[in-house]
1. Would you mind stating whether residue B:272 is at pLDDT 90 or above and under 30 Å from residue B:186 (Cβ atoms)?
2. Collect the residues in region A:30-45 that are in contact (Cβ under 8 Å) with a residue 24 or more places away in the chain and more than 22 Å from residue A:19 (Cβ to Cβ), keeping them in residue-number order.
3. Within region B:147-159, does at least one residue satisfy the condition of being modelled with pLDDT under 85, part of a loop (DSSP other than H, G, I, E, B) and in the same structural domain as residue B:303 (by the TED database)?
4. Can you work out which of the residues in region A:120-149 that are within 11 Å of chain B (Cβ to nearest Cβ) and in a helix (DSSP H, G or I) is nearest to residue B:10 (Cα to Cα)?
5. Taking residue A:117, is it part of a helix (DSSP H, G or I), at pLDDT below 85 and within 17 Å of the chain's Cα centre (by Cα)?
6. Give region B:1-17 a look and list any residue that's touching a helix residue (DSSP H, G or I) at 6+ places or on another chain (Cβ under 9 Å) and either at the interface with chain A (Cβ under 7 Å from one of its Cβ atoms) or not in a helix (DSSP H, G or I) (or both), or say none.
7. Is at least one residue of region B:124-147 closer than 23 Å to residue B:249 by Cβ and buried (at least 20 other Cβ atoms within 10 Å of the Cβ)?
8. Only one of (1) more than 19 Å from residue B:119 (Cα to Cα); (2) at pLDDT below 85 is not met by residue B:289, so which one is it?
């Protein structure tokens, strides 16, 4: 496979994945761009791996977890706060707001936990593959997910 | 259930994903930029290797930058045998039209027996035939073409024609590259025969040996006014600088220590153009011969005042000494020639 074929086939999916990770289209673009530049520069090494797509997803996820630790976290928090004080006139709308709050709560999770949730509930990957992407044990993935879900549930309780 | 809410939230955000086309274009642009940067660093490294090779008396030359992914890890090639000639050109500051001329031109000759290095100064005011342009001064050949690379090629051709030897490798050093190279090795010691007053910075450098940092070394290398022999004295200083740099590199063990070498390579930025040889850096390092440990011998190409009608202030080859000297250079017999003509040898220490 050439880099061009890979980009044709997978760039869109990677951008969507990055949006779920970062919660922001601009950051998603930065993240994908930074990763794909490295992919293209080192394409021979990427293509040599048995599953280039998984290799690249792993690069991107690591980049997200490790890259610019400080400033990234601050930016996510700044953008992540929900717009409070918006009235919810009807039950129907209230449930929509609730569901959207899940999205904003996500931004408060540690990035590694958020990545496991995205891989699990957006990409629908099995735990073993998530563990491989994050470079950790399967047990760690499970505990990571359950801790993240517990945090989100606690938020639910607070709101209700 | 929270899991379902998560799935729904993710699904709703899919439309946030940026369009693929612009991102792809941005990636390609960034890749081009980064490749260029890599190449620049590599070129600088190659130049340094050539300089190192030239000065340390290595038996080979630098690698081709475009084909070696990693300067240090490049595949080894066997060291060439026989005499080698390398060209070092010190470029001056860019003129108002952006073109540069050469301040100093050194031909570094490494004899086949690898006994020592010969630094042959070629006067920049030497009148030479120029390709398609009649005659001109040797230093003007660096201004040929659009950039330093073209200028180097023209200079190289002129020198090859003048001396009749093959140029195996070479490098152009700008002021900046010289400054960075000097600072990277922690300063270079130069032994001046007489005090120098800088025409450019008003600094004075006393007679005798002194350690110069990057900007001081460049300052000294630029001076030709207020000196008895003008540009010829400057050429002698260039040879003294080269000898001092070689001494310093040897002293620090840079050439036998890959870590130090690669640090030096990355420190010296762009502003250098190199001619590439056919061997890799490891071969070059492995081939460090006895020449590196001996003091080099510096000699000026024998010239006399008097150019052509259009260039009355230039130099031409000394008809009494030059033929014998060039024969010795081509025949790899500089040791005999310099022994027979001690007056032509520049004192370095």
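The values are calculated or read from the model by the stated rules, or taken from the named source; none is laboratory data. As the structure is a prediction and not an experimental result, all values here were calculated from the model. So basically every Cβ, Gly included, is an ideal-geometry build from the backbone, and we count neighbours across all protein chains shown.
1. Numbers: at pLDDT 90 or above: no; under 30 Å from residue B:186 (Cβ atoms): yes.
In short, no.
2. Taking region A:30-45 as the starting set, the residues that turn out to be in contact (Cβ under 8 Å) with a residue 24 or more places away in the chain are A:31-32, A:34-36, A:39-40, A:43.
Residue satisfying the conditions is A:43 alone.
3. yes
4. Step one: list which residues in region A:120-149 are within 11 Å of chain B (Cβ to nearest Cβ), which gives A:120-124, A:145, A:148-149.
Now narrow it down to the ones that are in a helix (DSSP H, G or I): A:120-122, A:145, A:148-149.
Numbers: A:120: 11, A:121: 8, A:122: 6, A:145: 16, A:148: 15, A:149: 15 Å.
Only one residue tops the list, namely A:122.
5. Values: part of a helix (DSSP H, G or I): yes; at pLDDT below 85: no; within 17 Å of the chain's Cα centre (by Cα): yes.
No; evaluated as a whole, the condition is false for this residue.
6. The answer is B:2, B:3, B:5, B:6, B:7, B:8, B:9, B:10, B:13, B:14, B:16, B:17.
7. Initially, region B:124-147 is screened for residues closer than 23 Å to residue B:249 by Cβ, giving none.
So far as region B:124-147 goes, no, none of its residues is closer than 23 Å to residue B:249 by Cβ and buried (at least 20 other Cβ atoms within 10 Å of the Cβ).
8. Failing condition for residue B:289: (1).
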